[in-house]
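Enquirer: Take this structure first; my questions come after.
The values are calculated or read from the model by the stated rules, or taken from the named source; none is laboratory data. Predicted, not measured: the structure shown is a model, and the values here were computed from it. Virtual Cβ from ideal backbone geometry, glycine too; neighbours counted across all protein chains shown.
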Amino acid sequence: MMDKQCDLLLDYFNGHLTNQQKAAFESHLKDCPSCQEELKELEELTMDLPYASEPIAVPDGMKQRILSNVKDDSQIENKATFDQTDSEPGPKPPIKPKRTWFKPFMVAALTLSLVGNGAALYYINEQKDDADTGESFSVDSMKEAYTLQASEDIEAAATAMMIEQNRETNLIIQANNLPELKGDEKYQVWVLEEGKPFRAGTFVTNQDGKGGVSYTLHDMKERNYDTIAITKEPNANSQQPQGDILLSSPL
Amino acid sequence: MREQDIELFHRVQNKDEVALELLYDRYEKLLFSFSFRMTNNKFLAEEAVQDVFTKLWSKSLPYSEEKGKFSSWLLTITRNACLDLLRKKKSNDYELKERDALQEDNDPSPEETAEWKEQHEEIQHAIKELKTEQQEIINLFYFRGFTQSQIAKKCNLPLGTVKGRVRLSLQHLNKILTKKKERGIRE
């Protein structure tokens, strides 16, 4: 009799399971010889496939860029949130599921509060994110506004607004009272779908601890983002949050 | 003498810059080409290679020889880095259309080893012997990293049959490869 869990093997192999699903599958895997065997078979049968790739020329300067970025990266003390298993071969989902930075219970405890007065929208100059598309800015309608709650020991405050513009959703973040950044550090906005973080804008603060960013959420309609959060990151390139959540709100 | 991968790996883990560069040179092209095959975008491919070397350099990684060949392990990390990037870029509505930009490769590096070249030809030929549907399913599953339900939709298959089809296609490919190897030995 096939367990329903056995059907998740492919999505496990490709790292598509949520943290919860992944944990459940791994516990199933321990007791299911047929899944163990199939997984091993998948690993073996796909082992040579990378070599099917056409050799292509690497971009100019790639070596220099990568090696200097790699070495730079090590100068920043990474927070001890690294999950040791994330790079093991085999079906380890690249989204690091064991990260502890995101604490659902904390966010769940927060209350959503609407900013009713269409708080003055203004563009913050420190905007840094390349992906932002904020050159021409015309407000169409404010869909939602949220007040982010600060985590324990954090004094900061922030609001998030979703603005419908040209049929896309613009996320506008404005924050006050944030701790000063050092070196390359940046504040990073994330939107989360079932615990999976997606980058949603990067910003720095001015000398008064104020900062903000506008970010286009192209896929707002297909996605089901449930949380917004701000972390402090060692630089503008974090693909996964490395710092703790400073501010957050359910969406 | 060419230093073993495993030695270089341990030196890189101990922050040896010379070893980092040696290992980088050895695998740059393979990892980049594979990442490009996965992401179909040279910026993402570069980002993936950078992610891999950042991990090798700044994190303590659990590779040991019992886990099989270092190159296979490294390629698995690379594939995961690509899948990770693809998932994230999807959230930015990243259109991954760059086949046209595929560059002619006029500069085979010395480290584009005989191993790669030989394996490349073998696998390419073997893949071409598969039925189109089987080629497609391997492509969607392995290189595109689709979910089971995405594959079902794309191939117009009932969800419950996807896993079997993937297995069958891979097994079939493997059979062709094994046969080719046996023939190769006889000839």
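Enquirer: Mind checking which residues of the stretch A:211-240 are surrounded by fewer than 22 Cβ atoms within 10 Å (Cβ to Cβ), under 16 Å from A:Thr169 (Cβ atoms) and hydrophobic (A, V, I, L, M, F, W, C)?
Expert: Across the stretch A:211-240, the qualifying residues are A:Leu217, A:Met220.
Enquirer: Within the stretch A:205-223, can one find any residue that is under 28 Å from B:Thr54 (Cα atoms), in a loop (DSSP other than H, G, I, E, B) and in contact with a strand residue (DSSP E or B) (Cβ under 6 Å, 6 or more places away or on another chain)?
Expert: There is at least one residue in the stretch A:205-223 that is under 28 Å from B:Thr54 (Cα atoms), in a loop (DSSP other than H, G, I, E, B) and in contact with a strand residue (DSSP E or B) (Cβ under 6 Å, 6 or more places away or on another chain).
Enquirer: Taking into account only those residues within the stretch B:36-66 that are closer than 16 Å to A:Glu54 by Cα and among the polar types (S, T, N, Q), which is surrounded by the most Cβ atoms within 10 Å (Cβ to Cβ)?
Expert: My answer is B:Thr39.
Enquirer: Give me the residue from the stretch B:7-47 that is of a type in the set (Lys, Arg) and more than 16 Å from the chain's Cα centre (by Cα) and, out of that set, nearest to B:Thr76 (Cα to Cα).
Expert: Out of the qualifying residues, it is B:Arg11.
Enquirer: Has the stretch A:148-167 got at least one residue that is in contact with a helix residue (DSSP H, G or I) (Cβ under 9 Å, 6 or more places away or on another chain), more than 30 Å from A:Leu17 (Cα to Cα) and assigned by TED's automatic domain parsing to the domain that holds A:Gln240?
Expert: There is at least one residue in the stretch A:148-167 that is in contact with a helix residue (DSSP H, G or I) (Cβ under 9 Å, 6 or more places away or on another chain), more than 30 Å from A:Leu17 (Cα to Cα) and assigned by TED's automatic domain parsing to the domain that holds A:Gln240.
Enquirer: From the residues in the stretch B:163-182 that are within 20 Å of B:Glu121 (Cβ to Cβ) and of a type in the set (Val, Ile, Thr), which one is modelled with the highest pLDDT?
Expert: If we take residues in the stretch B:163-182 being within 20 Å of B:Glu121 (Cβ to Cβ) and of a type in the set (Val, Ile, Thr), then B:Ile176 is modelled with the highest pLDDT.
Enquirer: Could you tell me whether A:Ile163 is in contact with a strand residue (DSSP E or B) (Cβ under 7 Å, 6 or more places away or on another chain), away from every other protein chain (no Cβ under 13 Å) and at pLDDT below 85?
Expert: yes
Enquirer: Now for a separate question. Would you check which residues across the stretch B:126-171 are more than 22 Å from A:Leu8 (Cα to Cα) and within 10 Å of another protein chain (Cβ to nearest Cβ) and list them?
Expert: B:Ala126, B:Ile127, listed by residue number.
Enquirer: Still on this model: All but one of (1) in contact (Cβ under 8 Å) with a residue 24 or more places away in the chain; (2) facing chain B (nearest Cβ under 10 Å) hold for A:Tyr51; which doesn't?
Expert: (1)
Enquirer: What number of residues in the stretch A:5-36 are away from chain B (no Cβ under 11 Å) and part of a helix (DSSP H, G or I)?
Expert: The qualifying residues number 17.
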